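Student: Following this message is one structure expressed as structure tokens.
The values are calculated or read from the model by the stated rules, or taken from the named source; none is laboratory data. The structure displayed is predicted, hence computed values, not measured ones. A quick note on method: Cβ atoms are made from the backbone with ideal geometry, for glycine too, and the neighbour counts reach across all protein chains shown. Side chains included, ligands, DNA and RNA excluded: accessible areas come from the protein's heavy atoms. Shrake-Rupley method; radii C 1.70, N 1.55, O 1.52, S 1.80 Å.
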Amino acid sequence: MKTKLTTLDLSLNVPGMPGGGVWTITPTLISSGDTHYLVDTGMPGMMEDLTAQLASADVSLEMLSGVIITHQDIDHIGNLPQILEINPGIEVFAHSDDTPYIVGELPLLKPLPQILESFGANFSRNGIRIDHSIAEGEPLHAAGAFIVIHTPGHTPGHISLYHPDSKTLIAGDAMVVRGGQLQGPNAAQTPDLPEAYRSLKKLTAFDIRKIICYHGGIVETDVNQSITTLASRGEKD
């Protein structure tokens, strides 16, 4: 059965964020028939928008089979507690290197105080669980066949997901899109920037025709060449 990837555009006015104004992020819905997986969950406070975006794809939170977390940052795990309350039977996937941070055993590496100040009352990691650890090169049969690529740097357990059939990469925060152009990871939010660029080098082994970045959305033009150029630039820095 054919796998469909649907980007969900979530927008929120985040006080205190650099640049201010509306902030848009892009989770991905993976669907195959009646099976649906959500990649990342958005910021705390985005549940109404998330629910509406899923509904536009004829999917409800109760219909989700699983949630895949690309990494620990709050804009990726922010709505996971509420999703688990609504659909407690859901399966949650993440890399083991980020699991302790996601479930609250360790403090988030990047707590972003200006965000927690605004949304702290609505966000707690109590009740968050990870059911499955996913690792480098592992085939992930979530509404279709994906390959897990460990792309650390932005966080230790950051992962990207490659879908060979459509040659699509769900990149999380391994890269961003600005002005329609694919760019490297956000340096200000990437604790180990050299490692993040080494992760981009790893991506050059895959034939990627379409990329979905959590910040900036979709790029479908010269993706392989752009990734190669970015990875080479990182080697020179």
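Student: Net charge near residue 69, counting Lys/Arg +1 and Asp/Glu -1 over other residues with Cβ under 9 Å of its Cβ?
Tutor: On the way: positive: none; negative: 40, 98.
The answer is -2.
Student: Let me ask something additional. Quick one: among 184, 42, 137, which has the greatest mean-square fluctuation in a GNM of the chain with alpha-carbon springs under 10 angstrom?
Tutor: The residue that fluctuates most here is 137.
Student: Okay, moving on. Quick check: from the Cα gyration tensor, does the stretch 125-206 come out rounded (a/c under 1.5), prolate or oblate? Intermediate results must be reported in sequence, preceding the final value.
Tutor: Values: a/c = 1.70, a/b = 1.16, b/c = 1.46.
The shape class here is oblate.
Student: Where does the chain land at 222 nm, in deg cm²/dmol rounded to the nearest 500, when only DSSP H runs of n ≥ 4 count, each adding -39500 (n - 2.57), divided by all residues?
Tutor: On the way: 7 runs with 57 residues, N = 237.
When only DSSP H runs of four or more count, the value is -6500 deg cm²/dmol.
Student: I want the local charge near residue 214. Using Cβ-Cβ distances under 10 Å, sum +1 for each Lys or Arg and -1 for each Asp or Glu among the other residues.
Tutor: My count for the surroundings of residue 214 gives -4.
Student: Within 14 Å, Cβ to Cβ, of residue 106, how many net charges do the neighbouring residues add up to if Lys/Arg are +1 and Asp/Glu are -1? Please report the intermediate quantities before stating the final value.
Tutor: Working: positive: 110, 125; negative: 73, 97, 98, 105.
Local charge sum for residue 106: -2.
Student: Next question, about the same structure. With a point put 7 Å past each Cα toward its Cβ, work out how far residue 58 is from residue 9 in nm, to one decimal.
Tutor: Result for the modelled spin labels: 2.2 nm.
Student: Measure off, as a whole percent, the carbon and sulfur share of the 1.4 Å-probe accessible area of the stretch 128-237, all protein chains present. Write out the running numbers ahead of the final one.
Tutor: On the way: 2330 of 4800 Å².
Reported share for carbon and sulfur atoms: 49 percent.
Student: Here's a follow-up. In whole angstrom, how far apart do the alpha carbon centroids of the stretch 45-101 and the stretch 190-223 sit?
Tutor: About 23 Å separates the Cα centre of the stretch 45-101 from the one of the stretch 190-223.
Student: Give the accessible surface of the chain per residue, rounded to a whole number of Å², with probe radius 1.4 Å and ligands, DNA and RNA excluded.
Tutor: 43
Student: What is the chain by shape, rounded, prolate or oblate, if you read a ≥ b ≥ c off the alpha carbon gyration tensor as root eigenvalues and call it rounded for a/c under 1.5, prolate for a/b larger than b/c, and oblate otherwise? Spell out each step's value before the answer.
Tutor: Working: a/c = 1.42, a/b = 1.14, b/c = 1.24.
Since a/c stays below 1.5, the shape of the chain is classed as rounded.
Student: Next question, about the same structure. Grab the Cα-Cα distance for residue 167 and residue 188, subtract it from 0.36 nm times how many residues apart they are, and report the gain in nm with one decimal. If you can, show how the numbers build up before the last one.
Tutor: Values: separation 21, 0.36 × 21 = 7.56 nm, distance 2.94 nm.
Extra length available between residue 167 and residue 188 comes to 4.6 nm.
Student: Highest mean first, what order results for 161-170, 74-83 on Cβ atoms within 10 Å? Could the numbers behind the result be given before it?
Tutor: Numbers: 161-170: 19.7, 74-83: 23.7.
So the order, starting with the most tightly packed, is 74-83, 161-170.
Student: Once fully extended, how much extra length lies between residue 105 and residue 131, figured as 0.36 nm per residue of separation less the alpha-carbon to alpha-carbon distance?
Tutor: In short, 7.8 nm is gained.
Student: Once the Cβ-Cβ distance between residue 91 and residue 207 is put in as r, and R0 is 22 Å, what FRET efficiency do you end up with, to the nearest 0.05? Don't skip to the answer; put the middle values down first.
Tutor: Details: r = 29 Å, r/R0 = 1.31.
Step by step, r from the Cβ atoms, then E = 0.15.
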